[in-house]
Each structure stands twice: as structure tokens, then as C-alpha cells.
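The values are calculated or read from the model by the stated rules, or taken from the named source; none is laboratory data. Treat the numbers as computed from the prediction; the structure is a model and nothing was measured. When we count neighbours, we look across all protein chains shown, and the Cβ atoms used for this are built from the backbone with ideal geometry, even at glycine. Quick note on the areas: whole protein, heavy atoms, side chains included, nothing else; ligands and nucleic acids left out. Shrake-Rupley method; radii C 1.70, N 1.55, O 1.52, S 1.80 Å.
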Amino acid sequence: MAGKIDFYYNPQSRAAVTRWALEEAGADYEIKPVTFDGGDGLDSRSDEFLAINPMGKIPTLVLDDGTVLTENGAIIAWLADAYPDAGLAPPAGSPERGTMYRWLFFIGSCFEPAMTDRMMRPNSAINPRSLGWGDYDQVVDTLEKALAEGPWLLGDRFSAADIYVAASLGWAGMFGAPRIKESAVIQDYVARAQARPAAQRANGG
Ligand SMILES: N[C@@H](CCC(=O)N[C@@H](CS)C(=O)NCC(=O)O)C(=O)O
């Protein structure tokens with residue numbers, strides 16, 4: 001089991017996903033507030049924070065040996081390994097573990113960039129076949145297909161991937177990403193995931 005973790009966090013950010021994962025894992029963590037707008041906490045663009053994460057982004061974890069972890073997908077995968085009693089990952093090397101990684105990587109490498117393209121660069125002339133994330137509709141079709149059987153991405157087994165996928169679909173819906181609020185499959189899945197006690201605790205403060 002890992003020791004105490006310093007968790008650089010702002011509730012209005014992607015770090016909320018990591019907080020849910022920390023709660024699911026049962027990790028011992030201390031919140032270090034980060035601000036984007038000069039409020040209380042360490043500014044994300046301050047020299048002090050950039051010395052920890054040169055990207056100036058949260059979530060950022062500092063482990064008890066000083067190791068810095070960033071990127072939601074990597075952090076969630078690491079937590080699943082570091083806290084095996086939480087049962088967030090199938091056995092290393094199993095096909096199910098591969099499926100868990102597939103969806104953990106899918107959010108950062110396909111869902112997020114495809115959503116950014118659709119919402120912020122809608123007139124991009126780049127051929128989706130040249131883009132690693134293809135096209136937003138293809139990405140949403142793929143997620144809906146993966147979630148159709150349920151209740152989780154690995155069937156009956158909840159895993160680390162569900163934290164990242166459900167949290168991302170939850171905030172995408174809040175930000176008005178197309179086809180998210182309209183999809184019963186996605187909304188049922190997000191509601192199921194957000195009802196978990198760890199998700200409730202993470203949202204509670
Ligand atoms: N690639 C990172 C993205 C994290 C990210 O975009 N964080 C934003 C908040 S949602 C941030 O910290 N922005 C502050 C800044 O850029 O100064 C991940 O997936 O964890």
C-alpha cells in the first residue's frame with residue numbers, strides 16, 4: 001500500500017475524476033488546493049506549481065517518495081495497482097485487464113480530443129482518417145456499443161476504467177457535448193456510476 005499522497009486539486013476541474021478514484025481506492029491523501037484565477041490556493045501557473053508539474057495542470061499527485069504522477073488515465077491505473085484490496089483491476093495480463101486499459105486510454109486519446117474538435121473546431125477540414133481519435137460520432141458510437149450490455153465496461157465487474165469513462169461522460173454532458181444527454185445508454189451508466197458511495201464522497205466536498 002502506498003503512503004500519504006499529496007493531491008493537487010480544484011473541484012471544478014478534471015482533478016474531480018482523480019478524487020473519485022482516490023476514494024474508490026481508499027487512499028490516504030491530502031488535498032493541496034490549486035486555483036486558476038487567483039483565489040485561495042496555489043496558482044496553477046505559479047513557479048511553485050510549475051516546478052512540480054511543468055504542464056501547470058491538475059490532477060497532479062506527489063507520492064510519499066516524491067514521485068510526481070499526472071494524467072488522469074495513468075493516475076487511475078496506478079491507483080488500481082497500488083490499492084489491490086479495492087478490487088479496481090482484473091489480474092495483470094488477463095484479457096479483462098487489457099479491456100480495462102483500452103477504455104482508460106480511450107478517454108485521453110480519443111474521447112477528449114474528438115469532443116474538443118466537435119465543440120471548438122467544428123469546421124476543421126482535417127480528414128478524420130488522419131486523426132488518431134477519428135471523429136466524434138464514431139467515438140460516441142463506440143462508447144455506446146461498449147456500454148450497451150452493462151452494467152459496466154467489463155460486464156458485471158466495476159473497474160478503474162468505469163471511473164474515468166463515467167466521470168468524463170458526466171462532465172461532457174454538463175458542458176453540452178452533443179449526443180451525451182440524449183443517450184439513454186450513457187445516462188443510465190453515468191447515473192449508476194455516480195450513485196456509488198465513493199463517487200458521492202468525492203462530490204461531497
Ligand atoms: N491531460 C490532463 C489534463 C488536465 C487538465 O486539463 N487540467 C486543467 C483543469 S481541467 C488544468 O489544470 N488547467 C490549469 C492550467 O492549464 O493552468 C489529464 O488528463 O489529466
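Using each residue's phi in segment 111-125, evaluate 6.51 cos²θ - 1.76 cosθ + 1.60 at θ = phi - 60° and report the 3J(HN,Hα) Karplus result to the nearest Hz, with x for Gly and Pro.
Each residue of segment 111-125 in turn: 4, 4, x, 5, 5, 4, 4, 5, 8, 10, 9, x, 9, 4, 9 Hz.
Which far-off residues, 5 or more places away or on another chain, put their amide H under 5 Å from the one on Y9, with H placed in the peptide plane?
Correct list: K32, V34.
If amide hydrogens are placed 1.01 Å from N in the peptide plane, which non-local residues have theirs closer than 5 Å to the one on Y29?
Those lying under 5 Å, H to H, from Y29 are I5.
Nothing charged except the Cβ atoms of Lys and Arg (+1) and of Asp and Glu (-1): what's the magnitude of the dipole of segment 5-87 about its Cα centre? Round to the nearest 20 debye.
That gives a dipole near 340 debye.
Provide, in order from the shortest bin, the percent of all Cα-Cα pairs of segment 68-204 in each 5 Å bin, continuing until the bin that contains the maximum pair distance.
In order of increasing distance, the bins hold 2, 10, 19, 22, 21, 14, 8, 3, 1, 0 percent.
What's the extension gain from M174 to E48 if we count 0.36 nm per residue and subtract their Cα-Cα distance?
42.2 nm
Quick one: of the DSSP bridges fully inside the chain, what percent are antiparallel, nearest 5?
Taking every DSSP beta bridge with both residues in the chain, the antiparallel ones total about 55 percent.
For the chain, report the accessible area per residue in Å² (1.4 Å probe, heavy atoms, rounded to an integer).
Averaged over the residues of the chain, the accessible area is 51 Å².
Once phi is turned into θ = phi - 60°, what whole-Hz ³J(HN,Hα) does the Karplus curve with 6.51, -1.76 and 1.60 give for every residue of segment 86-102, x standing for Gly and Pro?
For segment 86-102, the Karplus-derived couplings read 6, x, 8, 9, x, x, 4, x, 6, x, 5, 5, x, 5, 4, 4, 3 Hz, x marking Gly and Pro.
Which of rounded, prolate, oblate describes segment 46-131, given a ≥ b ≥ c as roots of the alpha-carbon gyration tensor eigenvalues and a/c under 1.5 marking rounded, otherwise prolate only if a/b is larger than b/c?
Oblate is the answer for segment 46-131, as a/c is 1.5 or above yet b/c matches or exceeds a/b.
Quick one: 3J(HN,Hα) in Hz for segment 72-80, Karplus 6.51/-1.76/1.60 with θ = phi - 60°, rounded, Gly and Pro as x.
3, x, 5, 4, 5, 4, 5, 4, 4
If you place +1 on the Cβ of every Lys and Arg, -1 on the Cβ of every Asp and Glu, and leave all else neutral, what size is the dipole of segment 110-161 about its Cα centre, to the nearest 20 Debye?
160 debye
Could you report the accessible area of D6 in Å², rounded to 10, computed with a 1.4 Å probe on the protein chains as they sit in the structure?
Per-residue accessible area (D6): approximately 40 Å².
Nearest 20 debye, what's the magnitude of the dipole of the chain about its Cα centre given +1 on Lys and Arg Cβ and -1 on Asp and Glu Cβ?
For this selection, approximately 480 debye.
What's the carbon and sulfur percent of the chain's accessible surface, probe 1.4 angstrom, rounded to a whole number?
Roughly 52 percent of what the probe reaches on the chain is carbon or sulfur.
Along the positive direction of the dipole of segment 70-153 (beta-carbon charges: Lys, Arg +1; Asp, Glu -1; about the Cα centre), which of L143, W78, M119 reaches farthest?
Most positive-ward Cα: M119.
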